[in-house]
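Structure first, then comments.
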Amino acid sequence: MKRYVLKRLAISVFTLLVITLILFLLLQMMPGSPFNDEKLSADQRVALNAKYGLDQPIYVQYGRYVMNLVRGDLGVSYNISKNTPISQLVEMRLPISLQIGGIAVAFGAIIGLILGIVASLNRNTILDTICTFISVLGVSVPSYVFALGLSYSLGFKLSWLPMLYNTKLPFESSVMPSIALSMFTMASIARFTRNEMAEVMGSDYMLLAESKGISGAPLIMRHALRNALIPIITVLAPLVVDLMTGSLVIEKIFSIPGVGSLLVTAIQSNDYNVVIALSFIYSAMYIVIMLVVDILYGVIDPRIRLSGDDSGRPGFFERWSRVLGIKKRKEVKTHA
């Protein structure tokens, strides 16, 4: 396990470096520059480029940026908040996005699991139909539609929750955007849970467990749900990063000062340092989440061996074939 984690960490660091290099090159090829103000003269632009080192070769700029990144220095903003350290901009906005995204992930995962389990245990009944309808509704309707409906009903009509984000009421202000963001996650988890649970409930080992007298909650939680969790976690992992890094539309509707709106503003103003810093944070979060997911595979399913050569870890096709419903027989090797 230790060797496997260290290997994945090394790969993750290399991946982050490649991502920053690609982003750096792409931003250099974008038209314009951070200093597009018409009030600036040509000499002033030359002086600003020299001040920030933008007149140097690309490889020199990239090397300097990586060295600063290793020291925890994300650079300064060129346009959004001139000469302000990016770490300060992120420090003010990221916790808000993480709070809203965290509530959305928790709410969507818990309700989705409950709906999926209820639907799988009551197949072809009215409960199954209701749960399936909710899942289809959550996948089909955009999150901003739910956001507008919640804002009108709970915010405007009933005045239960603030319609716009209020820093003095962070939790109350996070409820409606979190629910709106969680609908797609809830629907996706419910759908995959129902399908996986239905398949597991009809398997031979479930019949064996029932023949041993296991029933009720122990049968569902310890045997059925545990064997259905791997594809569910595979689907949930990328959704976690998407939710926790914010949604621009939801942030606009509720006036949330999150990182989503900061990224769009940075792209529009060619603030290269902010774009690269936020992209680096997104990539790091995604890689960490996927590393945690890979470790959870071995915790949930003992047949998956997280060894140094990764021989027991499910491959890419094996993971997503289970998620997409592609049937593939595999042999499980037993170890003495």
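Laboratory data are not the source of any read-out in this text; all were calculated from the coordinates shown. Quick caveat: nothing in here was measured; it's all calculated off a predicted structure. Cβ coordinates were reconstructed from backbone atoms using ideal geometry, including for glycine residues, and neighbour counts include every protein chain displayed.
Here are the numbers for the structure shown:
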item: Simple label model, 7 Å out from Cα along Cβ direction - residue 70 to residue 21, nm; result: 1.5
item: ³J(HN,Hα) computed for each position of the stretch 7-19 - Karplus, 6.51 cos²θ - 1.76 cosθ + 1.60, integer Hz, glycine/proline x; result: 5, 5, 4, 5, 5, 5, 4, 4, 4, 4, 5, 5, 4
item: Cα Rg, Dmax, the stretch 88-266, angstrom units; result: 18.8, 61
item: Residue-span extension gain [residue 55 to residue 152] - 0.36 nm each, minus C-alpha spacing; result: 29.8 nm
item: Cut-off under 5 Å, modelled amide H: who pairs with residue 76 long-range; result: 86
